[in-house]
1. If we scan region 62-70, do we find a residue that is farther than 22 Å from S168 by Cβ and at pLDDT 95 or above?
2. So which of L130, L173, L115 ends up being modelled with pLDDT of 95 or more and at negative phi?
3. Would you mind finding the one in Q171, Q155, Q167, Q151 that is loosely packed, with under 14 Cβ neighbours inside 10 Å, of a type in the set (S, T, N, Q) and in contact with a Ser or Thr (Cβ under 8 Å, 6 or more places away or on another chain)?
4. Output the residues belonging to region 47-76 that are in a loop (DSSP other than H, G, I, E, B) and loosely packed, with under 12 Cβ neighbours inside 10 Å.
5. Can you list residue pairs whose Cβ atoms sit under 6 Å apart, with the first residue in region 76-97 being under 21 Å from L128 (Cβ atoms) and the second being open to solvent by 80 Å² or more (accessible area, probe 1.4 Å) and of a type outside the set (V, I, T)? Count only pairs 6 or more apart in sequence or on different chains.
6. I'd like to know if region 98-110 contains one or more residues that are more than 21 Å from L128 (Cβ to Cβ), open to solvent by less than 70 Å² (accessible area, probe 1.4 Å) and at pLDDT below 95.
7. Return yes or no: is E134 without any contact (Cβ under 8 Å) to a residue 60 or more places away in the chain and either under 22 Å from P66 (Cβ atoms) or surrounded by 14 or more Cβ atoms within 10 Å (Cβ to Cβ) (or both)?
Amino acid sequence: MKRTYLAILLLVIVSLLTTTGIALSDDDDGKHSLLAWFERTTPGIDPVETRLYTQECGSCHFPYQPGLLPAGSWETIMDSLDNHFGENAELTETDTNAIRNFLLNNAAGRANYGLPNKIMAAQGNRPLPLRITELRYFVYEHSELDKKMVQDNPQVKSFSHCDRCHQSAKQGLYDEHTVKIPGFGRWDD
């Protein structure tokens, strides 16, 4: 019985070492495959990588990643570009359709990233807001911040300016350990 157990244990160890050796072997770029895989992952949310969306939407405000809102919210926003939070943001039909598809295909509930999954789980069956700042998850995550740190802070002014405090927001990373509030410093200090 002990010999069988030792033989199985030895087989498992050899298998793990062999698999690890293959995973760590150099790929065509000279990087270890396993390490390269980790470098390509995005723990927070899929970063915005479409030029049209960044040009059209990002020219007026931070280009929010689609995974920050559910598809239903994006659909409503795209259907009312003539009154986009008080502004006319109408686009050509072609551009509107391209951006709509990008947003809907990568929306929370459709993109398998950690942050969009948390957003959808926290929202539950509650109505879907049009503003990211009204999502239940967002409200909870920012509930500890004093008004003076954001709304009364001339360097931030609003919670909608994600990239003013989240230094890696454009890369889709909203980890609280990378937050630096202008005029107040790092959040985790």
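1. Yes: one or more hits.
2. None of the others qualify; the one that does is L130.
3. Q151
4. Residues satisfying the conditions are E49, S59, C60.
5. Between residues of region 76-97 that are under 21 Å from L128 (Cβ atoms) and residues that are open to solvent by 80 Å² or more (accessible area, probe 1.4 Å) and of a type outside the set (V, I, T), the close pairs are L81/E90; D82/N88; D82/E90.
6. So far as region 98-110 goes, yes, one or more of its residues are more than 21 Å from L128 (Cβ to Cβ), open to solvent by less than 70 Å² (accessible area, probe 1.4 Å) and at pLDDT below 95.
7. Against the criterion (without any contact (Cβ under 8 Å) to a residue 60 or more places away in the chain and either under 22 Å from P66 (Cβ atoms) or surrounded by 14 or more Cβ atoms within 10 Å (Cβ to Cβ) (or both)), E134 qualifies.
The values are calculated or read from the model by the stated rules, or taken from the named source; none is laboratory data. Keep in mind that what you see is a predicted model, and the values were worked out from it rather than measured. Quick reminder, even Gly has a Cβ in these numbers, built from the backbone with ideal geometry, and neighbours come from all protein chains shown. Each accessible area value is taken on the protein alone, full model and side chains, heavy atoms only, with ligands, DNA and RNA left out. Shrake-Rupley method; radii C 1.70, N 1.55, O 1.52, S 1.80 Å.
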